[in-house]
Each structure stands twice: as C-alpha cells, then as structure tokens.
Amino acid sequence: MSAHAEEFQTLCQGVHYWSFYNPAVKCEVGSTAIQVPNGLVVIDPTPLAEPAWKELLEIAPLRAILLTNGNHVRVAAELRKQHSVPIAIAPDTRRDITELKADVLLMPNELLYGIAAIPIPGATPGETAFFAPSGVMVIGDAVINTSLEVGLEFLPDKYCTDAAQNRESLKKLLDYDFHTLIFAHGAPLTNHAKEKLSALLKTHS
C-alpha cells in the first residue's frame, strides 16, 4: 500500500486520528490511536508517514492493535513485527482473516486496556465496534460518514451480510455513553455523536 497519511490529528484528550484517500477502495480510510494507561492502542492501522509515527509514539508507546473486521488488516502485521505488540480481534473476525493469525481473541464486551469489543453482526463479516471509557466509539464499516451532504449512512446493503440485522445490531451502541464516533470511512463526529447515531437509527426503525 503506497498511499499514506502525512499527519495525525488529536480529536480529544488521548484520541488521535489519521486518514487518506485510498484509490484501491475508492474512499477515505482512517485509523484511530487511543491512549490507555500505559501506551497506545491502534484500531485499523493504515500507513502513516514516518515523521508522524515518530511523533505519535513520542506521546506513548504502542501496546496493541485492534481490528474492526477482516477488511481492515492493512498494516497490522508490519506494526506487530516492528513493535512486538499483539493483534486482537473478535472470534468472528478471525474466521474472515486468512493473511494473519491474531494473538488475542476478544469475547463480546471483553476489555483490552479498558476498551470493550462490541459485536455488530449483519455488517461485514466479523464486524466489531470498540468503546473506550473516555467516551469514544470506533466503528469499522457498519456506518460510514463519507458525504457532507448526506451525513451518517448505514453500510450499503450490497456489502452487508444482513442489512436489517446490521441496523438492529447498531442499536446496542446507544447503551454506551460516547461523545465521539470514529469511522473507518469518513470524517469523525466529535459533537453530539450519540444523538446523530440515534437519529439515523430512528429513521430506519
């Protein structure tokens, strides 16, 4: 993967994000780094320019890698090798990944450095959201935010294993208290994120 992000941005205290347009998938792809008590957990890692990686790791060392689904392996294997950190995924995600073997399997709501794994069946195979107690929710493909005009959208039906189930599964995210919602595809929401997701779900209830 030759394309990469040149820099990262800090969305809120302890939460960093970077993205770039990937012509291979014809959309923006993003990654999240969340500070935990003794380091950083990176979710769906995409390439980041070396100076920016160095700056990020000066904040805190990398401790683990999380993947939201089997489509987002990206540079996980390279980071694992470089930094000797584990890759953690949900059991359903493992079944959809052939190019690497995860080090840790997270059961539903099991915590990794305080971050909870939340299964979202119905989206892409193995779809898992991650919730950090600081009030940040990270979603893979189940919801996208790629259009300023349209705003939040569900993953198009043709990419879902079961579109109706995806929409039903997403309702469980409203049980968590989050103020920031980050996507693998599209701009993060840092204001009224939970309310906006709730509004999207109500339009399709």
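None of the figures in this text is laboratory data; all of them are computed from the coordinates on show. This structure is a prediction, so every number in the text was calculated from the model and none was measured. Cβ: placed from backbone, ideal geometry, glycine included. Neighbour counts: every protein chain shown.
The structure shown yields Cα Rg over 2.2 N^0.38 Å, and of the options (i) 1.05; (ii) 1.11; (iii) 0.94 that calculated value carries the label (iii). The phi torsions of the stretch 46-61, fed into the Karplus equation with coefficients 6.51, -1.76 and 1.60 and a -60° offset, translate into couplings of 10, x, 10, 3, 4, x, 6, 4, 4, 4, 5, 6, 6, 5, 6, x Hz, rounded to whole numbers, with Gly and Pro shown as x.
Less than 5 angstrom separates the built amide H of residue 20 from those of 29, all sequence-distant by 5 or more or on a different chain. Could you tell me whether the stretch 1-96 comes out rounded, prolate or oblate from its Cα gyration tensor? Rule is a ≥ b ≥ c as square roots of the eigenvalues, rounded for a/c under 1.5, then prolate if a/b exceeds b/c, otherwise oblate. Oblate is the answer for the stretch 1-96, as a/c is 1.5 or above yet b/c matches or exceeds a/b.
Could you order peptides 81-87, 186-192, 32-38 by the average number of other Cβ atoms within 10 Å of their residues, highest first?
Numbers: 81-87: 13.9, 186-192: 16.9, 32-38: 18.7.
Ranking, from highest mean packing down: 32-38, 186-192, 81-87.
Each part reduced to its alpha carbon centroid, the stretch 95-144 and the stretch 166-193 end up 13 Å apart.
About its Cα centre, what dipole magnitude does the stretch 104-202 give when the only charges are +1 on Lys and Arg Cβ and -1 on Asp and Glu Cβ, stated in debye to the nearest 20? Spell out each step's value before the answer.
On the way: 7 positive and 11 negative charges, 26 e Å.
Here the size comes out at about 120 debye.
Residue-wise HN-Hα couplings along the stretch 148-162, as the Karplus relation 6.51 cos²θ - 1.76 cosθ + 1.60 with θ = phi - 60° gives them from phi, are 5, 6, 8, x, 4, 9, 6, 3, x, 3, 5, 9, 8, 6, 7 Hz; Gly and Pro carry x.
In a simple Cβ point-charge model (Lys, Arg +1; Asp, Glu -1; nothing else charged), the chain has a dipole of about 280 debye relative to its Cα centre.
What the phi angles of the stretch 130-140 give under the Karplus curve with 6.51, -1.76 and 1.60, with θ = phi - 60°, is a coupling list of 10, 10, 9, x, 6, x, 10, 10, 10, 10, x Hz, glycine and proline written as x. Remark: relative contact order (the stretch 70-169) = 20 percent; criterion is Cα-Cα distance under 8 angstrom and separation of 6 or more residues.
Backbone amide hydrogens, once placed in the peptide plane, bring residue 68 within less than 5 Å of 44, excluding anything fewer than 5 places away on its chain. The residue list 113, 147, 129 was ranked by how far each Cα lies along the charge dipole of the stretch 1-155 toward its positive end, using unit charges on Cβ atoms, and 113 comes out on top. Could you list, in their original order, any pairs among 101/196; 81/196; 158/196; 81/171 whose Cα atoms are separated by more than 29 Å? Over 29 Å apart, Cα to Cα: 101/196; 81/196; 81/171.
If we count every other residue with Cβ under 13 angstrom of residue 49's Cβ, Lys/Arg +1 and Asp/Glu -1, where does the sum land?
-3
Be a star and scan the stretch 40-70 for residues whose amide nitrogen sits under 19 Å from the point 7 Å along the Cα-to-Cβ vector of residue 6. Correct set: 46-56. Extension gain for residue 21 to residue 50 (0.36 nm times residue separation, less C-alpha to C-alpha distance): 8.7 nm.
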